[in-house]
1. Show the residue pairs that are 6+ apart or on different chains and have beta-carbon atoms under 8 Å apart, the first residue being within segment 397-426 and exposed (fewer than 15 other Cβ atoms within 10 Å of the Cβ), the second being part of a helix (DSSP H, G or I).
2. Can you name the residue in segment 95-126 that is part of a helix (DSSP H, G or I) and touching a helix residue (DSSP H, G or I) at 6+ places or on another chain (Cβ under 9 Å) and is also surrounded by the most Cβ atoms within 10 Å (Cβ to Cβ) among such residues?
3. Pick from 322, 352, 389: which is in contact with a helix residue (DSSP H, G or I) (Cβ under 6 Å, 6 or more places away or on another chain) and either within 24 Å of residue 424 (Cα to Cα) or modelled with pLDDT of 95 or more (or both)?
4. Taking into account only those residues within segment 223-265 that are within 15 Å of the chain's Cα centre (by Cα) and either assigned by TED's automatic domain parsing to the domain that holds residue 87 or assigned to a loop (DSSP other than H, G, I, E, B) (or both), which is farthest from residue 198 (Cα to Cα)?
5. Within the bounds of segment 56-67, is there any residue that is farther than 25 Å from residue 231 by Cβ, crowded, with 18+ Cβ neighbours inside 10 Å, in contact with a helix residue (DSSP H, G or I) (Cβ under 8 Å, 6 or more places away or on another chain) and touching a residue at least 12 places away in the same chain (Cβ under 8 Å)?
6. Identify, please: which residue in segment 68-94 is more than 21 Å from residue 32 (Cβ to Cβ) and in contact with a helix residue (DSSP H, G or I) (Cβ under 6 Å, 6 or more places away or on another chain) and is, among those, modelled with the highest pLDDT?
7. What number goes with the only condition from (1) surrounded by fewer than 24 Cβ atoms within 10 Å (Cβ to Cβ); (2) within 19 Å of the chain's Cα centre (by Cα) that residue 219 does not pass?
8. Quick check on my filter: what residues within segment 356-369 are touching a strand residue (DSSP E or B) at 6+ places or on another chain (Cβ under 9 Å) and more than 22 Å from residue 419 (Cα to Cα)?
């Protein structure tokens, strides 16, 4: 049985020659529709009449989002490029097109590539274009974090810098429910403390409701950052050097990729593009700390018959790609109630996530008695998990850092909040692994 395919080839002579060859000989493929442009191709893909598509690299408006929609429709993609066009070949492969062949290839070669791409998609649906090597890191928290208070060093048996170069950097997602539990402040301070241990660290602001990390460290609101990286990824133009250029170097091994300052720009943060940015970020830094949005709703899938923009898609993409998810709770009655409900939503939205709980803004004035003991008992009783860190509320120190646009560690080095976050960072990274690698990390950060 022949494989039904679609074509969207800009060179009409090449397309006509391939279609004619497929009709004359039994090459295992049959062209069911010749599409005139990308919208026509996307529309035809939704009908379910084809299983693969043959398209040109110079097809207008071809980007990662379009390829993701084709993959969602079960369409495998094979790209045609002009002979010797290395730029087109590189762009298609960065977009995630696995099979790229020259336009002067024989009909037998083209047909074979289409059939193989269709088989590959059926075997590995929606596989990411760039991914971390399997086995580079522990596959579960029970393997990586044997027990509370004794967090295992990550990568203690190998070289973290080498893992980062191979795409094995570790992604830490910092999430919290509605109500401003201090998620952004924790992400910023945690990234700064990890970098302070000598490990190259990248802080990414992926809050689709309006990022604030750039403002907290004194950057211009409209500075290019994650939105620019996502656009480049969507066009197949993003690589590690370009990602590094879009980051802001704060010194001491810490880089920041600012987010969107205006909430109206959320459509720029496409989930597929965010996945690509994180995959490349793993090669840029040994640890990637991501500040997520709070909302996990995905009602767009119920409201539209076609693929619709998802405002919370960036948050869900980060949580699904993360190696570790820190769930932040605010230590007051309303904050704890919101957290318990939000944690249930998190586990339902991303079932594979086993979050580590961090209690922020701990203070006796709203809890009474021994706040650490009381909050830990409450969290354990309602979630079944014990907090891995309890962060005291140091309003004066945090305010001073925000007014100065500097890091908490630089403004109030003895702050109780800073010391608690530094302890968490040390246990996440592994102090023994850090001490003997400090020199290598400095070289990799450059």
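1. Within 8 Å, the pairs are 404/411; 405/215; 405/216; 410/401.
2. Here is the first cut: in segment 95-126, the residues part of a helix (DSSP H, G or I) are 95, 107-123.
Retained after the next criterion (residues that are touching a helix residue (DSSP H, G or I) at 6+ places or on another chain (Cβ under 9 Å)): 95, 107-108, 110-111, 121.
On the way: 95: 26, 107: 17, 108: 12, 110: 24, 111: 24, 121: 20.
Step by step, filter segment 95-126, then rank; the result is 95.
3. Values: 322 fails: in contact with a helix residue (DSSP H, G or I) (Cβ under 6 Å, 6 or more places away or on another chain); 352 fails: in contact with a helix residue (DSSP H, G or I) (Cβ under 6 Å, 6 or more places away or on another chain).
Only one candidate passes the filter, namely 389.
4. Going residue by residue through segment 223-265, those that are within 15 Å of the chain's Cα centre (by Cα) are 225-234, 238-240, 243, 256-259.
The next check asks that each one be either assigned by TED's automatic domain parsing to the domain that holds residue 87 or assigned to a loop (DSSP other than H, G, I, E, B) (or both); those that pass are 225, 238-239, 258-259.
Working: 225: 24, 238: 27, 239: 24, 258: 22, 259: 25 Å.
It comes out as 238.
5. Filtering segment 56-67 down to residues farther than 25 Å from residue 231 by Cβ leaves none.
No.
6. Applying the first criterion (more than 21 Å from residue 32 (Cβ to Cβ)) to segment 68-94 yields 68, 81-94.
Within this subset, residues satisfying the condition of being in contact with a helix residue (DSSP H, G or I) (Cβ under 6 Å, 6 or more places away or on another chain) are 68, 81.
Details: 68: 88, 81: 94.
Among them, the one singled out is 81.
7. Going through (1) surrounded by fewer than 24 Cβ atoms within 10 Å (Cβ to Cβ); (2) within 19 Å of the chain's Cα centre (by Cα) one by one, residue 219 breaks only (2).
8. Filtering segment 356-369 for residues touching a strand residue (DSSP E or B) at 6+ places or on another chain (Cβ under 9 Å) gives 356-363.
Correct list: empty.
The values are calculated or read from the model by the stated rules, or taken from the named source; none is laboratory data. Remember, it's a predicted structure, so these values are computed and weren't measured experimentally. Cβ sites come from the backbone with ideal geometry, for glycine too, and all protein chains shown count toward neighbours.
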